[in-house]
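These notes concern the structure reproduced below.
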């Protein structure tokens, strides 16, 4: 694998290459190439009993189809204010947003995946990316954001209220939240959206992603605070 690693990122690349077999996956988003360096074989990272040790399952090491669809969407949004990516994993959505001119803060709880985000930001020569570790249960002050994005971040009912509190904490006035999930996750996503409906105006759409011999149906959800919608309607 011949990769032109920027000088400042070489120590990080050497650190990760000692721990993982790496592969470079180029993504074409709206005519722009985004380079993603990632673990080559996720099977090597899976615990011996993944069902017993689900908390340590390396979900972050995969490029999820929902992240590709959300990245494609965010590439069409005109830069305005800052973007926050939650539960970023490899940071496909946030890196794409940065490549299309947005100021982006990319977050996750796992330091390991954040190292990959830092490396890929350097690899793509993106200076408009900030990478930060974020504990959803004890969130630090990151400021306000015009857009919050997340792909496959609604996965457990115990985090529903936590996520909604994060949205309220970080969303700037006039802002919106965009989420993307595989349609197969609707059993978890639907009750979350039902809970969120009390405080957020929602719009849901579906997009198809064709990859190899499979077609994935991805649900994109947009959430806007209801008090914001009411204010806009009242002033119209």
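Does residue 96 satisfy the criteria of being within 11 Å of the chain's Cα centre (by Cα) and at pLDDT 95 or above?
Working: within 11 Å of the chain's Cα centre (by Cα): yes; at pLDDT 95 or above: yes.
Against the criterion (within 11 Å of the chain's Cα centre (by Cα) and at pLDDT 95 or above), residue 96 qualifies.
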Restricting attention to segment 190-209, does a residue exist that is within 17 Å of residue 93 (Cα to Cα) and under 18 Å from the mean Cα position of the chain (by Cα)?
-> yes
The lone condition residue 90 fails out of (1) part of a loop (DSSP other than H, G, I, E, B); (2) closer than 22 Å to residue 200 by Cβ; (3) without any contact (Cβ under 8 Å) to a residue 60 or more places away in the chain is (2)
Could you figure out which of (1) crowded, with 24+ Cβ neighbours inside 10 Å; (2) modelled with pLDDT under 95 isn't true of residue 81?
-> (1)
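Just to be sure, is residue 15 surrounded by fewer than 18 Cβ atoms within 10 Å (Cβ to Cβ), assigned to a helix (DSSP H, G or I) and modelled with pLDDT of 95 or more? Walk me through it before giving the result.
Working: surrounded by fewer than 18 Cβ atoms within 10 Å (Cβ to Cβ): yes; assigned to a helix (DSSP H, G or I): yes; modelled with pLDDT of 95 or more: yes.
Criteria met by residue 15.
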Within segment 19-39, residues part of a loop (DSSP other than H, G, I, E, B), surrounded by fewer than 18 Cβ atoms within 10 Å (Cβ to Cβ) and touching a strand residue (DSSP E or B) at 6+ places or on another chain (Cβ under 8 Å) come out as 21
If we scan segment 187-207, do we find a residue that is closer than 23 Å to residue 96 by Cα, in contact with a helix residue (DSSP H, G or I) (Cβ under 7 Å, 6 or more places away or on another chain) and surrounded by 12 or more Cβ atoms within 10 Å (Cβ to Cβ)?
-> yes
Considering every residue within segment 99-106, establish whether at least one is under 28 Å from residue 22 (Cα atoms), modelled with pLDDT of 95 or more, in contact with a strand residue (DSSP E or B) (Cβ under 9 Å, 6 or more places away or on another chain) and in a helix (DSSP H, G or I).
-> yes
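The values are calculated or read from the model by the stated rules, or taken from the named source; none is laboratory data. Just so it is clear, the structure is predicted and the values come from calculations on it, not from any experiment. Heads up, the Cβs are rebuilt from the backbone with ideal geometry, glycines too, and the neighbour counts pull from every protein chain shown.
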